[in-house]
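I have a structure I would like to understand better, so I am pasting it below and will then ask my questions one at a time.
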Amino acid sequence: MTPDQQLVQIVDAATADAASRSGHWLHCRLGCTQCCIGIFSITQLDATRLRTGLAALDLETPEKAAAVRRRAADSVRRLTPGFPGNPVTGQLDESDPRYDDFANDEPCPALDPATGACDLYAARPITCRVFGPPIRSEGGIGVCELNFDGATEKEIFAAELDTTWSTLESTLNSETELASGTSGSTTVAWALAKP
């Protein structure tokens, strides 16, 4: 098992635990695609995992992989003019004032518009894996607006996701950046459009 596979296993176990503690407050399900709409940053580790997943999809279902590539290329083409960062490399500049309002209606290229499923589900970024249950960030505890509607603070805090894996993720991302010569955050579309 690779270090990234170990990370994914740890993150998925932590998310499953938080989901279990969330009970009826968590409404995530196949076809609910709110978290799949809008651009968000991913790490170079995530980008590498996505490209590996796309290569595997090429072997399993080439027509599905071709559709993902088409959607990624279309997204890059649409978003290049206002890209907050370097549109050639896909490196995001999250301090760019355009970032906050950039492409909030853009669907993720991995999202199959017909089924509402992620075509690269097994290779999805860490952000996608942990979305739904309450998660702590610099701004406090955040939850998807479709979950925990009407829940008390105590109920939300009781379901908080354990993110002790974040140090491992950071270490593995640094190693990936060093090995690839590419640093900084990017997006799913640019990661998948990269040759």
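The values are calculated or read from the model by the stated rules, or taken from the named source; none is laboratory data. Owing to the predicted nature of the structure, the values given are computational and were not obtained by experimental measurement. Ligands, DNA and RNA are stripped out before the accessible areas are found, and what is left, the full protein with its side chains, is counted by its heavy atoms. Shrake-Rupley method; radii C 1.70, N 1.55, O 1.52, S 1.80 Å.
Kindly report the accessible area of segment 54-195 per residue (heavy atoms of protein chains, probe 1.4 Å, no ligands, DNA or RNA), in Å².
Result: 56 Å² of accessible area for each residue.
With just the Cα atoms defining each centre, how far is segment 19-38 from segment 113-179? Give it in Å.
Between the Cα centre of segment 19-38 and that of segment 113-179, the gap is 11 Å.
Only Cα pairs under 8 Å and at least 6 apart count here; give the relative contact order of the chain as a rounded whole percent.
So the answer I get is 40 percent.
If each DSSP helix of 4+ residues adds -39,500 (n - 2.57) and the sum is divided by the residues in the chain, what number results at 222 nm, nearest 500 deg cm²/dmol?
-14000 deg cm²/dmol
Kyte-Doolittle mean at least 0.5 and Cα extent at least 18 Å along the axis: which DSSP H helices of the chain qualify?
In the chain, no H run is both long and hydrophobic enough.
Treating each Cα of segment 19-95 as an identical point scatterer and ignoring solvent, apply the Debye formula and state log10 I(q)/I(0) at q = 0.22 Å⁻¹.
-1.18
Out of every Cα pair in segment 114-175, what percent are spaced more than 13 Å from each other?
The answer is 70 percent, as a whole percent.
Can you give me the relative contact order of segment 125-195 as a percent, contacts being Cα pairs under 8 Å and 6 or more apart?
24 percent
Something else now. Express the carbon and sulfur contribution to the solvent-accessible surface of the chain as a percent, rounded to the nearest whole number, probe 1.4 angstrom.
For the chain, the apolar C and S fraction of the accessible surface comes to 55 percent.
If the convex hull of the alpha-carbon atoms of segment 52-188 is projected onto planes in all directions, what is the mean projected area in square nanometres?
Taking a quarter of the hull surface, the average projection is 10.4 nm².
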